[in-house]
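Take a look at the structure set out below.
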Amino acid sequence: MSVIVPSYNQGRYIAETMDSILSQDHRPLEVLVVDGASTDTTLEVLRRYAGDPAVSIVSEPDKGVVDAVNKGLARACGA
């Protein structure tokens, strides 16, 4: 199962989101975080999850949430 998480300046909430997703029993799991080049603490928080093989993090400018989801779909493997 692939989960796409679009994000932009979600530092206050992203850990709760990631913990919730990763606590699910369904495996294999692929978590694709597509961040729109956040300027808050989002990337700092996401670094805590970078070592998890199920998690992939991309941070680059985008054109909004739909663009971020489309980027995630393009990268998804359907694990």
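The values are calculated or read from the model by the stated rules, or taken from the named source; none is laboratory data. Everything numeric in this text was worked out from a predicted model, so none of it was measured. FYI the Cβ positions are ideal-geometry reconstructions off the backbone, even for glycines, and counts take in every protein chain you see. SASA here: full protein model, heavy atoms, side chains in, ligands and nucleic acids out. Shrake-Rupley method; radii C 1.70, N 1.55, O 1.52, S 1.80 Å.
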Checklist entry - In the stretch 30-48, what residues are open to solvent by less than 20 Å² (accessible area, probe 1.4 Å) and over 16 Å from residue 70 (Cα atoms)? => result 38, 42, 45, 46
Checklist entry - Can residue 56 be described as surrounded by 12 or more Cβ atoms within 10 Å (Cβ to Cβ), of a type in the set (Gly, Ala, Ser), within 15 Å of residue 77 (Cα to Cα) and in contact (Cβ under 8 Å) with a residue 24 or more places away in the chain? => result yes
Item to check | Number of the condition not met by residue 3 [criteria: (1) open to solvent by 50 Å² or more (accessible area, probe 1.4 Å); (2) not in a helix (DSSP H, G or I)] | outcome: (1)
Next on the checklist: Pairs needed: first member in the stretch 2-24, free of Cβ contacts under 8 Å to residues at least 40 places away in the same chain; second member anywhere, open to solvent by 40 Å² or more (accessible area, probe 1.4 Å); C-beta distance under 6 Å; at least 6 residues apart or different chains.
Outcome noted: 9/40; 11/40; 11/41
Checklist entry - Scanning the stretch 8-35 for residues that are among the small types (Gly, Ala, Ser) and touching a helix residue (DSSP H, G or I) at 6+ places or on another chain (Cβ under 6 Å), which turns out nearest to residue 56 (Cα to Cα)? => result 15
Checklist outcome for this item: The number of residues in the stretch 61-79 that are part of a loop (DSSP other than H, G, I, E, B), out of contact with any Asp or Glu (no Cβ under 8 Å at 6 or more places or on another chain) and either surrounded by 14 or more Cβ atoms within 10 Å (Cβ to Cβ) or on the phi > 0 side of the Ramachandran plot (or both) is 2
Next on the checklist: Any residue that is open to solvent by less than 40 Å² (accessible area, probe 1.4 Å) and out of contact with any strand residue (DSSP E or B) (no Cβ under 9 Å at 6 or more places or on another chain) - is there at least one of those in the stretch 19-29?
Outcome noted: no
